[in-house]
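Data first, discussion second: the structure below is written as structure tokens.
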Amino acid sequence: MLLAEKDDFAGGASGRSTRMLHCGLRYFETPRPLRDFLFHPARLRTALAMARASMETRAELAGDSAARLTPYTLSFPIWRQGPYRPWHLDLGFRILARLGPPGVPLDYRRLSAAEAQASLPFVEPMGGGDRLHSVASFREYMFDWPERFCIDAILDAERMGATVRNHTEARLVARDGDGVWQIGLHGADGDAQVTASLVLNMAGLWIDSVNRRAEPSARRLVLGTKGAHIAVRLPEAFQGHGIATVNSLGEPHYCLPSQGGLHHIGPTETIYTGDPDDIRVDADDVAFLLAETRHALPGLKLDEADIVHGWAGVRPLTEDPAHPKGNRSREIHDLAADGLPGVLAMTAGPVMSHRSAGRELTSAVARRLAPSRPPQTPDYRPRLPADNANAPALVAGDETTRLTHLGQAAVAEHARDLADILFARTGVGYRHALDEATVRRAGEAVAAHLGWNAAEVDRQTALTLRRIDRYYRLPRIDESGR
Ligand SMILES: Cc1cc2nc3c(=O)[nH]c(=O)nc-3n(C[C@H](O)[C@H](O)[C@H](O)COP(=O)(O)OP(=O)(O)OC[C@H]3O[C@@H](n4cnc5c(N)ncnc54)[C@H](O)[C@@H]3O)c2cc1C
């Protein structure tokens, strides 16, 4: 097996998500749940199946990868004239508790306004006053940073015999008479050609362009919706607490505990037709998120000056005329009828269910190809760097990333650029605002491992600072004339 990634691993939507390992409640969110589910039993069946899958994923990841997740309390304020009634949440959580395996409890409770004010420190500063009816709270999990799950999975695939190449673009070239695909590889290591009996096009937002380069008439599979986030520093009362509300469009609007003691707010959901390689938060996203947060959480009095940074990604959802904003149900597409026999593609797989997606794809492959070797068992345990308490930390006080950890990531985890190490491998760039001196220090720490001279350290430092500026710096609202 060969895995090729044109950017760094998880450089697409997987590294730009809202980072939630959610319990699946959102699948029951619909404007009129009783009517919608009673009159459309198929919708109820789909919602139940997706919620069950979420609960199973939650139990699986919280069970064996707790070191990569942060638990927190997520609360839904229930407003007197708000979009949902108390019983909606009581019923939803009762169903979820029955669907999910035991072991990772939801810890659901619903507190009256007075009880919530007395026991949840953020309720008073969140604002809303007398409009508050009650607060529904439960235990939820956040990926510390999802790319790390991808890196762990890739390293495990390598352990089991896969060849992996990052910063390498793959192109479908041609299929010969025996049904074998020629695949072109183009990357930093030069160009090469390999052959494949079966191709899994897992290129997310780029799936259609990969297919259409080889077969222009291939049907469109992906609809991209952009999701933007802003990160802000909230008062101490909010630490460890997330708040879930619904925005003016009836979509989920979250304020969630994030890396570096910040909270991130979002996501937006707009159809994206722009450049898939240049996805950024724009001034309209910032204005929308600020306005919605001021409305939902008036006590925060959030202003543009409160924003520390932000990021945006585009969800590779399934194209489906019945769902104008994309179908969220995960699909495997066999492209034989599109002139691409021996090519499968997967759309709309959330990052949290990557293991079940892998299992589903393995079955799809097994139905088409005889295995070339005995099955192996994945080792899902997080790969934690060997600790060296004597090594200095990259950022004072952050013991999770010592200079030796950067070296280990450089040597053993396919990092090519300094940014690969500071973001996807160690996540240190998410926990701290990295200044030039810190980035350079990191570059010097890995230089010997990656064979970099002083000029390359300079280049890598500049590249990393450019990337931080490009992906995480936000436009001022007045830059667009608003
Ligand atoms: C704003 C937002 C919020 C989200 N929130 C959550 C959440 O809270 N929880 C959750 O579980 N999920 C969430 N998701 C969904 C999740 O992030 C995506 O559905 C998932 O990451 C898709 O993974 P993927 O591997 O299909 O696509 P991607 O992660 O985009 O991976 C596709 C990869 O293919 C590479 N590629 C493209 N073309 C080529 C080529 N020719 N050769 C080699 N490589 C190529 C790209 O560089 C990219 O890295 C969110 C997504 C977004 C955008």
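Summary of values
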read-out: Reachable lysines, given that their alpha-carbon falls under 16 Å from the alpha-carbon of K226 and they are not under 8 places away in the same chain; value: K325
read-out: Summed side-chain charge close to I151 - residues other than I151 whose Cβ falls under 10 Å, Lys, Arg +1, Asp, Glu -1; value: -3
read-out: Helical mean residue ellipticity (222 nm; -39500 (n - 2.57) per DSSP H run of 4+; nearest 500) of the chain; value: -9500 deg cm²/dmol
read-out: Pairwise centroid distance, computed over Cα atoms, of region 141-204 with region 354-405, Å; value: 16 Å
read-out: Net charge contributed by nearby residues that have their C-beta within less than 15 Å of R94 (K/R +1, D/E -1); value: +3
read-out: Per-selection Rg to Rh, the chain - Cα, Kirkwood hydrodynamic radius; value: 0.96
read-out: For the chain: relative contact order, % (alpha-carbon pairs under 8 angstrom, 6 or more apart); value: 17 percent
read-out: Whole-percent pair-distance distribution, where bins are 10 Å wide, for the alpha carbons of region 403-472; value: 22, 62, 16
read-out: Eligible aspartates and glutamates near K301 by straight Cα distance, threshold 20 Å, same-chain separation 8 or greater; value: E124, D130, E236, D284, D285, E292, D478
read-out: Trypsin sites (Lys or Arg not before Pro) within region 202-241: DSSP coil, no more than 16 neighbouring Cβ in 10 Å; value: R219, R220, R233
read-out: In sequence order, calculated HN-Hα J values of region 472-477 (Karplus, 6.51, -1.76, 1.60; Hz; x Gly/Pro); value: 10, 7, 9, x, 6, 4
read-out: Peptide ranges 160-168, 121-129 listed from the most packed, as the mean C-beta count within 10 angstrom indicates; value: 121-129, 160-168
read-out: Packing rank of 350-356, 102-108, 169-175, where each peptide gets the mean count of other beta carbons within 10 Å, highest leading; value: 350-356, 169-175, 102-108
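Bear in mind that the values in this text are calculations on the coordinates, not laboratory data. Everything numeric here is computed off the predicted structure, so don't read it as measured data. Here Cβ is always computed from backbone atoms with ideal geometry, including for glycine, and neighbour counts include all displayed protein chains.
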